[in-house]
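**Student:** Pasting a structure below so you can have a look.
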Amino acid sequence: MKIFPLILLFIGCVLMQKKGEKEIATYELPNSAIEVFEKFGCKDCHTLPPTGFTEYGKEMNSKGYGCVSLQSLSLKHKLKGEAREVFIKNGCVKCHDPDGRGFGDKNLTSFGLKINGRNLGCVGTFKELLGEVK
């Protein structure tokens, strides 16, 4: 009985795979939080330790385009205009769906599910970089 939910998840992943996500699925899975920070767009807005912002990050935050804000918008609405451009430019689309059709409350793509499974999603990476995860 425990395998049935896994089968459903797999079928859902296959059915939800969209055009363009095939390229995303070819990204190499990161092995550390610093790798996520460096390769997934975090460093464009955040500084290390991840408690400050770059100038670009301050600008995006002032426009309401911070990580959490964009993620919330993508869950509630299909992102359009400048918000969509920022979402794509900042690399959010590697793991999150800009149209709100991703998996679960984090709106994850199939690649995002893999990253999150390694506890290297947005929150997991942030915590690890702060030294909260050992």
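The values are calculated or read from the model by the stated rules, or taken from the named source; none is laboratory data. Predicted model, so just to flag it, every value in this text is computed and none were measured. We place every Cβ from the backbone using ideal geometry, glycine too, and count neighbours over all the protein chains shown.
**Student:** Hey, among Phe103, Phe111, which residue is over 20 Å from Glu38 (Cα atoms) and aromatic (Phe, Trp, Tyr)?
**Tutor:** Phe103 is the lone residue from the list that is over 20 Å from Glu38 (Cα atoms) and aromatic (Phe, Trp, Tyr).
**Student:** Inside region 53-124, counting only helices (runs of 4 or more DSSP H) that do not spill past its ends, which hold 2 or more residues that are modelled with pLDDT of 90 or more and hydrophobic (A, V, I, L, M, F, W, C)?
**Tutor:** Result: 110-117.
**Student:** Another one. Collect the residues in region 34-53 that are within 20 Å of Val93 (Cβ to Cβ) and either touching a Gly at 6+ places or on another chain (Cβ under 6 Å) or of a type outside the set (D, E, K, R) (or both), keeping them in residue-number order.
**Tutor:** Matches in region 34-53: Val36, Phe37, Phe40, Gly41, Cys42, Cys45, His46.
**Student:** Looking only at region 87-110, count every residue that is under 17 Å from Cys67 (Cβ atoms) and of a type in the set (Phe, Trp, Tyr) and tell me the total.
**Tutor:** So the answer is 1.
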